[in-house]
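A short worksheet on the structure shown next.
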Amino acid sequence: MKAPFKFLNDLISPWREYVIEFFGTFLFVFFASSVVVVSGSYDNLGILPISLVIGFSYVALVYGCCKLSGGFLNPTITIALWLTRKISGVRTVFYLISQVAGSFLAAGFIVVIFGSNALNIQLGGPVLGLGVLPQTALLIEAVVSGGLVFVVFATMFDKRGNFGMGPLAAGLYLVATTVVFWPVSGASFNMVRAIGPLVLSHSYSALAIFIIGPLIGSLMAIVYEYVFVETDKKK
């Protein structure tokens, strides 16, 4: 009888965390998509301002949310935490549901605010550069997402790291990688940046890349735990 009660407790007791993940992800996707739509519809802001908005909005929101919930507004990080047994399977599922729901709500707000013009640029979602092969984009998304997992684990979960600097390190990493890879892969590195905007704009051609790439990147958590954490424990 204990198993059903444990499941219900895991399901119900962290409900505030799910709300925080939903709200934080909504705000992040809303800002990240809005800056792309504004750049494409009104004034070409350039890659650097777009990268700064994406990176620093993530910094602010993770600082605001990470002590209250553990999903980090990014399914890649959430799955990485589950793979290393830092959060339960039930909590993982509901974090993912909350994050995806936040992505769809953000995309809906983009439509309401910017209208049909935003649909022409995929509601600010990531797109592949002209002539970029799908396998190239997939490799970029996987490698860079894995790097983000490394940064988060090294600063926020490794006892040798500096937790207080973790969100800033992750945000700066996003700024740098977005500047480099925006013209190539669309620089998603977070599947909720793609799911809501691309689905609501009916832009499905590259959606799988922006889901599978970050999923592969989450495996870096296992590498980090095995190579760095386990090695440290043996000293």
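The percentage of C-alpha pairs in segment 162-235 whose separation is greater than 21 Å is 44%. When each of the peptides 87-97, 189-199 is scored by the mean number of other C-beta atoms lying within 10 Å of its residues, the order from highest to lowest reads 189-199, 87-97. Scoring 28-38, 127-137, 205-215, 72-82 by mean Cβ neighbours within 10 Å over their residues and listing the highest first yields 72-82, 28-38, 205-215, 127-137. When only Cα pairs below 8 angstrom with a gap of at least 6 residues are kept, the chain shows a relative contact order of 29 percent.
Only helices reaching 18 angstrom along their own axis (Cα) with mean Kyte-Doolittle hydropathy no lower than -0.5 count here, and for the DSSP H runs of the chain these are 15-41, 47-65, 89-114, 134-156, 166-185. So which residue, out of 171, 46, 124, gets the largest mean-square fluctuation from a GNM of the chain using Cα contacts under 10 Å as springs? Among 171, 46, 124, the largest mean-square fluctuation in the Gaussian network model of the chain belongs to 46.
The packing ranking of peptides 140-149, 58-67, highest mean first, is 140-149, 58-67, where packing means the average number of other beta carbon atoms within 10 angstrom of each residue.
Its Cα gyration tensor gives the chain an equivalent ellipsoid. The semi-axes, each the square root of 5 times an eigenvalue, are 29, 21, 16 Å from largest down.
Readers should treat all values here as calculations from the given coordinates under stated rules, not as data from a laboratory. The structure displayed is predicted, hence computed values, not measured ones. Glycine also receives a Cβ, built like all others from the backbone with ideal geometry; neighbour counts cover every protein chain displayed.
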